[in-house]
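Worksheet: the structure to be examined is printed underneath.
The values are calculated or read from the model by the stated rules, or taken from the named source; none is laboratory data. Worth saying up front: this structure is predicted, and the values here are computed from it rather than measured. Positions of Cβ are backbone-derived with ideal geometry, glycine not excepted, and every protein chain shown enters the neighbour counts. Surface areas here come from the heavy atoms of the whole protein model, side chains and all, with no ligands, DNA or RNA. Shrake-Rupley method; radii C 1.70, N 1.55, O 1.52, S 1.80 Å.
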Amino acid sequence: NNVQPVVVGNAVLYAAARGGHIRQMGYNWQISGYESNDASIFAPHLFDYNTILDMAYSRGPVPILWCVSSTGKLLGMTWLPEQKIASWHQHDTGDGDAFESVCTVSENNEDMLYAIVRRTINGTSKRYVERLSRLAFVAPAIVEAICQGQQPAELSAEPLLNRIDLPLEWSTQR
């Protein structure tokens, strides 16, 4: 597999050469050697019979390994290795559209995800550089109010997208 591995703390996350899974390799003092474990073991439906095309790691504010699948979907693993917690999630970008590549860029004390996305516009395939919005971290009550058109007039997607200091705790977003 030609996907660049990601080093996180004392571990290396890499795309397996066969099977499309993500593996974690690290030193284990109990066996006096390195061991490799399947980091995607609890989400085989996202990986079986597919391949990983690209990976990037976002260290903060939330640690997430981002993977582009051969299905065109974006897979994310929110990962807290010191707590032994990993949770996989998938994202798509629309009917017939596909993620092709990803990277993270540090912006104002956080890592932002940028992606190359192939979209079909009026029957023509075009590629765009797109940035994942922090709207994913907006409190559900605020999202629901926006969807129902019940938010204050000054609160819309545009100010939320441009706001750098949006707190991650939902209770402090009110």
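The table below lists the values:
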{"read-out": "Surface share of carbon and sulfur [accessible, 1.4 angstrom probe, percent] for the chain", "value": "52 percent"}
{"read-out": "Gap separating the Cα centres of the stretch 43-60 and the stretch 1-24, nearest whole Å", "value": "9 Å"}
{"read-out": "Amide H partners (placed H, <5 Å) of residue 112, local residues excluded", "value": "105, 106, 107"}
{"read-out": "Net charge of neighbours whose Cβ lies under 13 Å from the Cβ of residue 48, counting Lys and Arg as +1 and Asp and Glu as -1", "value": "0"}
{"read-out": "Residue-normalised accessible area of the stretch 45-88, expressed per residue, 1.4 Å probe, Å²", "value": "47 Å²"}
{"read-out": "In sequence order, calculated HN-Hα J values of the stretch 142-152 (Karplus, 6.51, -1.76, 1.60; Hz; x Gly/Pro)", "value": "6, 4, 4, 4, 5, 4, 8, x, 9, 7, x"}
{"read-out": "Label assignment, percent of Cα pairs over 29 Å apart derived from the structure, set [x] 29; [y] 17; [z] 23", "value": "[x]"}
{"read-out": "Highest-MSF residue in the chain out of 33, 94, 60 [GNM, Cα springs under 10 Å]", "value": "33"}
{"read-out": "Top of 107, 130, 82 by mean-square fluctuation, Gaussian network on the chain, Cα under 10 Å", "value": "82"}
{"read-out": "Helix-derived mean residue ellipticity, 222 nm - over the chain, DSSP H n ≥ 4, -39500 (n - 2.57), to 500", "value": "-2000 deg cm²/dmol"}
{"read-out": "Candidates 74, 132, 46, ranked by Gaussian network fluctuation over the chain, Cα under 10 Å, top entry", "value": "132"}
